[in-house]
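Undergrad: There's a structure below that I have some questions on.
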């Protein structure tokens, strides 16, 4: 594991498309600059991944944004996820507590989740990291 100051950590709680997109964009910018990125999925963000809702932009009540998003060929959540994965510098972790609350069982590789962790492990892994983003 890299020194904490070389990593970027993104905590995704909200499953809203714009927030998940922003979080994965932050991770993409980190890996593009050669830094490790760790994306942690909780509650509704985790649910979006488990339901495999990564392709179609869904900005509830903002169809104008959805149309503009597609016309400008903005990357989908899946495209961003694939990009960060291809670099070998990113890890996507799912929270076991959130998974339990959603009624699921942890399986590596499910919908983009590389590793399942509880809060104790998450706190250990992210200790000392200053570049943290909460969405």
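What follows is calculated from the coordinates using simple rules that are stated; it is not laboratory data. All of these numbers come straight from a predicted model, not from anything done at the bench. Here the Cβ is made from the backbone with ideal geometry for all residues, glycine too, and neighbour counts use every protein chain on show.
Undergrad: For the list (1) crowded, with 16+ Cβ neighbours inside 10 Å; (2) more than 19 Å from residue 115 (Cβ to Cβ), I need the number of the one condition that residue 11 fails.
TA: (2)
Undergrad: Continuing with this model, one more query. Just one of 17, 40 is within 23 Å of residue 123 (Cβ to Cβ) and in contact (Cβ under 8 Å) with a residue 60 or more places away in the chain; which is it?
TA: None of the other options fit; the residue is 40.
Undergrad: What number of residues in region 79-94 are closer than 21 Å to residue 13 by Cβ and out of contact with any helix residue (DSSP H, G or I) (no Cβ under 8 Å at 6 or more places or on another chain)? Quick ask: steps written out before the conclusion?
TA: Residues of region 79-94 closer than 21 Å to residue 13 by Cβ: 80-81, 84, 90-94.
Still in the running and out of contact with any helix residue (DSSP H, G or I) (no Cβ under 8 Å at 6 or more places or on another chain): 91.
Adding up the residues that qualify gives 1.
Undergrad: Related question: For residue 87, state whether it is surrounded by fewer than 21 Cβ atoms within 10 Å (Cβ to Cβ) and within 14 Å of residue 43 (Cα to Cα).
TA: Answer is no for this residue.
Undergrad: Also: Tell me which residues, restricted to region 111-135, are under 22 Å from residue 16 (Cα atoms) and more than 17 Å from the chain's Cα centre (by Cα).
TA: none
Undergrad: Another question, if that's okay. Considering only residues of region 20-29 that are touching a residue at least 60 places away in the same chain (Cβ under 8 Å) and more than 14 Å from residue 86 (Cβ to Cβ), which is surrounded by the fewest Cβ atoms within 10 Å (Cβ to Cβ)?
TA: The selected residue is 22.
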